[in-house]
1. State all residues of the stretch 342-392 that are of a type outside the set (D, E), assigned to a helix (DSSP H, G or I) and closer than 18 Å to G234 by Cβ; if no residue qualifies, say none.
2. Here is a check on your reading of the model: is L331 closer than 27 Å to D412 by Cα, touching a residue at least 24 places away in the same chain (Cβ under 8 Å), touching a strand residue (DSSP E or B) at 6+ places or on another chain (Cβ under 7 Å) and surrounded by fewer than 18 Cβ atoms within 10 Å (Cβ to Cβ)?
3. Residue by residue through the stretch 179-199, note down the ones that are within 24 Å of D364 (Cβ to Cβ) and at pLDDT 80 or above.
4. Quick check on the stretch 125-144. Is at least one of its residues closer than 25 Å to G343 by Cα and crowded, with 21+ Cβ neighbours inside 10 Å?
5. Which one is surrounded by the most Cβ atoms within 10 Å (Cβ to Cβ) among residues in the stretch 161-173 that are of a type in the set (K, R) and either over 25 Å from the mean Cα position of the chain (by Cα) or part of a strand (DSSP E or B) (or both)?
6. Evaluate the stretch 139-148: report whether one residue or more is in contact with a helix residue (DSSP H, G or I) (Cβ under 8 Å, 6 or more places away or on another chain), in a helix (DSSP H, G or I) and within 26 Å of P20 (Cα to Cα).
7. So which of L389, L377 is within 24 Å of S409 (Cα to Cα) and at pLDDT 95 or above?
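The values are calculated or read from the model by the stated rules, or taken from the named source; none is laboratory data. All figures in this text were calculated on a predicted structure; none of them were measured in a lab. In this analysis, Cβ positions are derived from the backbone assuming ideal geometry, glycine residues included, and neighbour counts consider all displayed protein chains.
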Amino acid sequence: MGQKKKVLIIAYYWPPAGGPGVQRWLKFVKYLPEFGIEPIVLVPDAAYYPTIDSNLSKEVSPVLEVHRVNIKEPSRFLRMFWPNKTAHLSDGGLSSNSMSIFTKLLVYIRGNCYIPDARVGWVNPAFAQVQQILQKHHDLNTIITTGPPHSLHLIGLKVKAKYQHMRWIADFRDPWTAIKYHKNLRLSAKSQIKHKSLEREVLMSADQILTSSWHTAKSFKSITNKPVEVLTNGFDPSDFDSPAVRDDKFSMTHVGALLPDRNPVILWQCINQFLKLRPKAQSKLEIRLVGAVDQTVINELKALNLMKYTALFGVLDHKSAVSQMMNSKLLFLVESENHVIPGKLFEYLNTGNIIAGVTPENSDVNSILTNYPNQFLLSDDLHQNCARLCTYYDQFEQGLSNREVYNASLYDRKSITSRLAQLLRVQ
C-alpha cells in the first residue's frame, strides 16, 4: 500500500470539548486513516469550552499527531465575573427580546470588537504553528479549516496567501452571516459589511467549500464559483453498541439545548390536550429533557401544567445522551432555521424511533424527515397533532409497535468519511 496522503485539519472544538461542535471532525479524523488519509490536527490549548465530555478523548487515536497552540479568550474573563450574563453570547442562544441592558452591551462588544468572533486572537499564533508543521511535513499540501468559529477560516486565508500551492478546504458546520443569531449581535453597519466581506473572501479564496446542509450550499453557490459539496453530519455505529433498555413509560425525549428560540410551544400544547383526551396517560407520560433548558421553556411547561411529567437530565456525555435516545418511545426535534441540520437528527434516525419534528416546512430537516417512515411532523392544526399523538399512545398501551424498519446507513459516519476521502484525493 502506498504512502498515505497527509491533511492538516484546523479546528477549535476538540476533546475534552463536549457538545455537537466536536463530533464532526472527531469522527472524520477517526475514520480517515481507513481510506488512506493521514490526518494531522491543530487545535487550541487551554480553550474555554462551555461543555466538557472527557469520554470523547478515548476516541482520539494515540498515534494521531495533535498540535496545540495556546488561546486567550475574552469570554473566559467575562464569565469569571458575569457567568449568567455571558452564557449564550456565542452559542446561538441569543434572544434580543430577553436581553438586559448589560447583556446588550456585552453582545455589542462581542459583535463589533471581535470580528468575526471572539477567537480571532488565535489566528496569528495558529498560523505561526501551521508554518512549523509545514516545515516538518514537506509532503503536506492540503489544509482544512472548520467553523464556527469562523475566525479559523482567516488562518486558511493566511496560509493560502503565503503558500499558494496549498489546497485549502473551508468547512462550514453552520452558516456564517445567514445564521439566525447573527442578527442578534447588534452589529454596526460597518461591522456587517466587514462580516460579509470576510465571508466572501473566504468563499472566493478557498479551493473547495464543504457545508453540512443543502440550504447553506445553495446560498454559498450564489457568492462563489468554487466547488461546494454537502457532507452532512451523521451517526457512528460504535455509539450504539449497547442495546436499548426501555421501561414502561410513554417517554418523549429531547436531546440538546432548548433555548428561547427553540421552545416548541406547539408540542407542549399538543401534549396538554392529549392528556385531557387520554387521562390514563398521566401515570405513564414522561417528558425527558437532556441538555440545557432555558427558563422560558420551563415557564411554558409550568403554564400548561406539564412540569410534573418532566424530568430534567441536564447536560450528559455523548454516550449517555445516545442511550437516552435509544431508550425513548418518541423523540422530538426542534429547529427553526431552514439551513441548519442538528447532528443529533442522524442519531435519532438510527434509533428507528418515532421522531416528532417542529421545523419549517421548506427546511433541510423537514426534507430529511419527510423520507423517514416513522416521522411525526407537527402542523399548525392542534387537533390533528393531538390525534396523531393519541394514536401512538394507544398503540403503546396495546403493546404494538408501528415503527417501520429504516436503513440509516446513508448517514453512517464512516460512509460520509469515504466521500470526504475522495475529495481529499482530488488535486
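1. Within the stretch 342-392, K344, L345, F346, Y348, L349, N350, T351, V365, S367, I368, L369 qualify.
2. On the way: closer than 27 Å to D412 by Cα: yes; touching a residue at least 24 places away in the same chain (Cβ under 8 Å): yes; touching a strand residue (DSSP E or B) at 6+ places or on another chain (Cβ under 7 Å): yes; surrounded by fewer than 18 Cβ atoms within 10 Å (Cβ to Cβ): no.
Considered against the rule, which asks whether it is closer than 27 Å to D412 by Cα, touching a residue at least 24 places away in the same chain (Cβ under 8 Å), touching a strand residue (DSSP E or B) at 6+ places or on another chain (Cβ under 7 Å) and surrounded by fewer than 18 Cβ atoms within 10 Å (Cβ to Cβ), L331 comes out as no.
3. We begin by selecting, within the stretch 179-199, every residue within 24 Å of D364 (Cβ to Cβ); these are 179-185, 195-196, 199.
Hits for the stretch 179-199 are H195, K196, E199.
4. Going through the stretch 125-144, the residues closer than 25 Å to G343 by Cα turn out to be 143-144.
Imposing the further condition that a residue be crowded, with 21+ Cβ neighbours inside 10 Å reduces the set to 143-144.
Yes, the stretch 125-144 contains a residue that is closer than 25 Å to G343 by Cα and crowded, with 21+ Cβ neighbours inside 10 Å.
5. Of all residues in the stretch 161-173, those of a type in the set (K, R) come to 162, 167, 173.
Checking which are either over 25 Å from the mean Cα position of the chain (by Cα) or part of a strand (DSSP E or B) (or both) leaves us with 162, 167.
Numbers: K162: 12, R167: 17.
In this case the residue turns out to be R167.
6. Checking the stretch 139-148: not a single residue is in contact with a helix residue (DSSP H, G or I) (Cβ under 8 Å, 6 or more places away or on another chain), in a helix (DSSP H, G or I) and within 26 Å of P20 (Cα to Cα).
7. Details: L389 fails: within 24 Å of S409 (Cα to Cα).
Result of the check over L389, L377: L377.
This table checks each residue for (1) in contact with a Phe, Trp or Tyr (Cβ under 7 Å, 6 or more places away or on another chain); (2) in the same structural domain as T177 (by TED's automatic domain parsing); (3) among the aliphatic types (A, V, I, L, M); (4) closer than 21 Å to I9 by Cβ.
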| site | (1), (2), (3), (4) |
| --- | --- |
| L203 | yes, yes, yes, yes |
| Q208 | no, yes, no, yes |
| T211 | yes, yes, no, yes |
| T216 | yes, yes, no, yes |
| F220 | no, yes, no, yes |
| T224 | no, yes, no, no |
| P227 | no, yes, no, yes |
| P243 | no, no, no, no |
| R246 | no, no, no, no |
